[in-house]
Amino acid sequence: MRKLLSLLTVLILTVPVPLNVVACGSKANPTPNPDNEPIDTIGLLKTAENKISELFGNLIIENKNLLKPSNFGQKNTGSLLTGVDAAAVGVISNLALTNSFYDIFKENIKSFGSYLANDEKLKLLFYGINSNEILKLDENKSTINKKTFEEWKQDGAFGISDYTSTKYKVDSWNYLSSRLVLTLKYKANDGQITDYELDQNYDFYLANDEAQLSTIVHLASDNVVNNLKNYLIEIKGNNKFNLSKWIQDQDLLQNFKNNITTKINNSKVTIIDSNLDETSVMTGNVLDGSEPTIFTKDKQQVIQDIKNLASKNNEEFEKKLNSWTSKSLIAPQDLDKVTLIGSYQLNNWKYNDLILIPTKISTVVIGNQTRNEKIEDDSNKFAELFSTEGILINKFWNTKLGDASYDTGFVMNASDFDAYDTNNSTFNDALLYMSEKVKSFAVSKNILNSSDFCTCINYYNGSDIGNTILNTKK
């Protein structure tokens, strides 16, 4: 029979409220990570992917996707432009052409590594790795396609009323789509430097040197963005996710995307890559800094501790909300229900096949109750889970798995973990399973709602810190 010895599981409980993160246990280590405590590599890799998408978006903002022969040391209609003009639509197999583009991409990608290594949230992921080695382009797996692109030849193209190719000096304009295969090096929880492969689609153009591409792109972008002036993406409903879940949740991001698409109301505009801007997001539902002694306090003391901390964080959020530039766009009756403010950024979007300038749009999420009402509700929920009378202390800690004394609604049998042993799954997989058990039991006791979110995020067993379920003891 398996048993979890001296198990302390650090939990995040997120309910549809203004209190969303509770970390009960040891606090985060500073950089570097001397104790090698596990980090959320999956979450951090997703954050890194979002950052890389933003960095490619910055290249578009800087017009580095608008290439001309002079960018390659050639003049006017040099051999590169002639070669691309002559290439058939489809994958370009001429290595002399593709390598010229890869050389420019590699210079930009090289600088990305330094940016990632110095990001405050990602430092532990890349600690000890040379910034020049963090992100590499795999030219053998990457491809460049020539796309059909004829609109530039038409008068009034791209929604610009006075556009003609003659006026904007366009003699040749090629639209190229690349699939860039990147290798991201990071430090795994076992200390090993590990490769993580990811794809980045990056579209760009090649035209004659005199072509006024930048002016054309900015005019087309302004025509669309003007429709979003003073527009606020407003989502109403319960907040089910902690900050990291907000930023990565695909349903929420799709909701934002749908709102923007409806507002633009133009079938020619397509959003390809977008995400929440992490640096701009602020939540009114973050409860952090709980002391480990929460497990040794009675219910009333836990309730008071939670209320004190949540009220303090709520005051800080209100200060940020009051200084937020888009506050005036929120209905006055909804201000005390706001749970998230920030920016949703369009990294890659197009008018037909013309890549528009990346832009950011203010975003707000409004809950079903006021933040103070949620603090009241959730402090009681936390007490039911984490106090000395709570279900996790009485039903979980230091108890044999499958013990008959367990409440029948919360049985975890030894065999439940066999799949993790057999498949050599990560310990995160096992924690997810345990999270589901905790939530299911809490819902059955009417402590949590089915829409609430509860997850185990860490694991300690004496001096052992495990990466796989094999670290549990028999």
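The values are calculated or read from the model by the stated rules, or taken from the named source; none is laboratory data. Because the structure is a prediction, the values reported are computed rather than measured. Because the Cβ atoms are built from the backbone with ideal geometry, glycine has one as well, and the counts that use them run over all protein chains shown. Side chains are part of the model used for accessible areas, which takes the heavy atoms of the whole protein and leaves out ligands, DNA and RNA. Shrake-Rupley method; radii C 1.70, N 1.55, O 1.52, S 1.80 Å.
Of note:
- In the structure shown, the pairs 146/257; 236/374; 327/360; 319/374; 263/327; 121/263 are assessed against 23 Å; a Cα-Cα span above that value is assigned to 146/257; 121/263.
- Average Cα contact separation per residue, region 102-163, under 8 Å, 6 or more apart, as relative contact order %: 26
- Value of Rg to Rh for region 48-199 (Rh from inverse mean 1/r over Cα pairs, i.e. Kirkwood): 1.06
- Ordering of 187-200, 435-448, 252-265 by packing [mean C-beta count within 10 Å, highest first]: 435-448, 252-265, 187-200
- Sequence-ordered 3J(HN,Hα) estimates for region 213-224 from the Karplus curve with 6.51, -1.76 and 1.60 and θ = phi - 60° stand at 5, 4, 4, 4, 4, 5, 5, 5, 5, 4, 4, 7 Hz, glycine and proline given as x.
- In order through region 198-209: 3J(HN,Hα) via Karplus (6.51 cos²θ - 1.76 cosθ + 1.60), integer Hz, x for Gly, Pro: 9, 9, 9, 8, 9, 9, 8, 10, 10, 9, 5, 4
- Carbon + sulfur, % of accessible area of region 338-390 - ligands and nucleic acids excluded, 1.4 Å: 36
- For region 185-226 versus region 56-107, the gap between their alpha-carbon centres in whole angstrom: 14
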